[in-house]
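A short reminder: the numbers here are calculations on the coordinates, not readings from a lab. Being a predicted model, the structure only gives us computed values, none of them experimental. All Cβ positions, even for glycine, are placed from backbone atoms using ideal geometry, and neighbour counts span all protein chains on display.
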Amino acid sequence: MFHTPIVPRKRPRPVEAGVPRREQVKFENVRLYLVERKMGHSRRSFLTQLARSKGFMVEDVLSDTVTHVVSEDSQASALWTWLKGCDLKNLPSMHVLDISWFTDSMREGRPVAVETRHLVQDTVPTFPEGATPTPVATVSQYACQRRTSTENYNKIFTDILQCGRSFEVEKILSDERYQTLKLFTSVFGVGPKTAEKWYRAGLRSFSDILTEPSIHLNRMQQTGFLHYKDISRAVSKAEARALGNIIDEAVHAITPDAVLALTGGFRRGKEFGHDVDFLVTTPELGREKSLLPDIIDRLKQDTESGPRVQREGILLYCDYQASTFDISKLPSLRFEAMDLFAKCFLILRLKGSKVEGGLNSAAEDHRGWRAVRVDLVSPPMDRYAYALLGWTGSRQFERDLRRFARFERQMRLDNHILYDKTKNEFLAATTEKDIFDHLGLEYIEPWQRNA
Ligand code: UTP
Ligand code: MN
């Protein structure tokens, strides 16, 4: 027998008003309300229909009969401020949930038990008139004031949930255009503009693109198609480590005192990633300018002997972008979303023999190697701490760190600098901890930055 895990509430059942609904109600104790703010009107209508088709009751209006409020608003405080202004008697007993509870429930076809991770935490204090506020443990709206480990995030399943939508919802939500653009932009070297152009030209599949004579793929896209399967496949920690050894050897053959650091998701302790990110520099200021070109040259030479020298080389693709960062322009520097350091986007050929425990490849794959995306970034040493903090991520953590700096400290932070607007000065840092100190934040370890 089906047992609903939700505690039934005793309340008079209101008379069903309005248009009679064809869908059969399966869950009498659950009444949903979807918050339109941030979700948007059409998505809300769609999700409403989806839920009703699965036997859920969805209220159009927020009233005291609602048991579950579902929101896609990532700003908990804004949501709670709004809810508290709605004059609801039952608000304290309502579940206020993020979309992950909804997508879980749609996938299961029943209201799933409410877990802590589903809750939109109330961060807005409410003090009755005349009462002295007592401190309550609240969860900060800033990820940089929270410690988020990789627990739960390593399973592919929960990674899906992180995106806020389950496969099923995704499938139904998607129209042809959305699906096609998603497919096209999944190819390395294909951005939204190109994808849109191809869609407008009536192309719908990879074979459409590859057989269309009028389409000329650039080298990046050619490589993207050539290694599509490998690049779409997750990179394991062991593979990241093996690549670290290869890069380390190349770097230190060039400059013995070079500094190499693993960044990105792997520095945060993730088990899998979509690429491997490294920061590389040298203590000697200015020397970093030739560092990446030298490393690339060395990787190019790293080929196995034999007639197929080119194809056996480790460097399958390289897009090098020289630095546009000019420290002398610092006082007038604009705050950049993209950083200006020298970097290269690589595709490397990684042999299974170099990877402890072997490659993360399909069982039927007997090539003994796979292609992997690697990013190398090379900031000057005096920018190292900012670059390391920026490239370690997560993206959400970085966004919140910048937001915190800006709105709570009147400072600007990016991958190059930390600037104090009230003092009109740049704040020096040689370690990440220095930056946290300047911001008046407790230090958060890399593996706790998985927001
Ligand atoms: P990634 O996109 O590699 O993300 O960028 P990730 O966290 O390592 O995740 P996966 O496992 O590869 O998918 C790493 C960090 O580098 C920053 C991003 O903000 C992210 O936090 N980054 C990326 C920059 O600062 N500048 C860039 O040009 C690109
Ligand atoms: Mn990465």
Note to self: With just the Cα atoms defining each centre, how far is the stretch 33-49 from the stretch 382-403? Give it in Å.
What the structure shows: 33
Margin query: Apply the a/c threshold of 1.5 to the C-alpha gyration tensor of the stretch 347-451 and tell me whether it is rounded, prolate or oblate.
Written below: prolate
Next item on the list: Take Ile246, Ile444, Ile347 and order them by how many other Cβ atoms sit within 10 Å, fewest up front.
Entry: Ile246, Ile444, Ile347
Next item on the list: Using Cα positions and a limit of under 20 Å, work out the aspartates and glutamates in reach of Lys182, with same-chain residues fewer than 8 apart set aside.
Entry: Asp159, Glu168, Glu170, Glu196, Asp208, Glu212, Asp230, Asp275
Checklist line | Residues Thr194, Thr223, Thr430 arranged by fewest to most Cβ contacts within 10 Å | finding: Thr430, Thr194, Thr223
Note to self: Can you compute the modelled spin-label distance between Glu115 and Asp375, with each label point 7 Å from Cα toward Cβ, in nm?
What the structure shows: 2.9
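Rounded, prolate or oblate: which fits the stretch 369-416, taking a ≥ b ≥ c as square roots of the Cα gyration tensor eigenvalues, rounded meaning a/c under 1.5, else prolate when a/b beats b/c?
oblate
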Notebook entry, point to check: If the cut-off is 23 Å between C-alpha atoms, which lysines fall inside it for Lys89, apart from same-chain ones fewer than 8 positions away?
Noted result: Lys10
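Shape of the stretch 165-277 from its Cα gyration tensor (a ≥ b ≥ c, root eigenvalues): rounded if a/c is under 1.5, otherwise prolate when a/b > b/c, or oblate?
In terms of gyration-tensor shape, oblate.
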Note to self: If I model a spin label as a point 7 Å beyond the Cα along the Cα-Cβ vector, how far apart are those points for Ala362 and Asp64 in nm?
What the structure shows: 5.9
Item checked: Environment charge of Gly202, counting only residues whose C-beta is closer than 10 Å and scoring Lys/Arg +1, Asp/Glu -1 -> 0
Item checked: Listed pairs Lys237/Lys354; Lys329/Lys421; Lys229/Lys351; Lys300/Lys351; Lys329/Lys423; Lys38/Lys229 exceeding 23 Å between Cα atoms -> Lys38/Lys229
Check: In nm, what is the difference between 0.36 nm times the number of residues separating Glu108 and Gln145 and their Cα-Cα distance?
Finding: 10.0 nm
Next item on the list: Would you mind checking which residues have amide H under 5 Å from Asp302's amide H? H placed 1.01 Å from N; only 5 or more apart, or other chain.
Entry: Ile314
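With r defined as the distance between the Cβ atoms of Ala238 and Lys289 and R0 fixed at 41 Å, what FRET efficiency is calculated, to the nearest 0.05? Can you show the working numbers first?
Details: r = 33 Å, r/R0 = 0.80.
Computed FRET efficiency for Ala238 and Lys289: 0.80.
Among Arg268, Arg233, rank each residue by its count of other Cβ atoms within 10 Å, from fewest to most, as a rough exposure measure.
Ascending number of Cβ neighbours within 10 Å: Arg233, Arg268.
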Check: In percent, how large is the relative contact order of the stretch 318-451, given Cα pairs closer than 8 Å and 6 or more residues apart?
Finding: 20
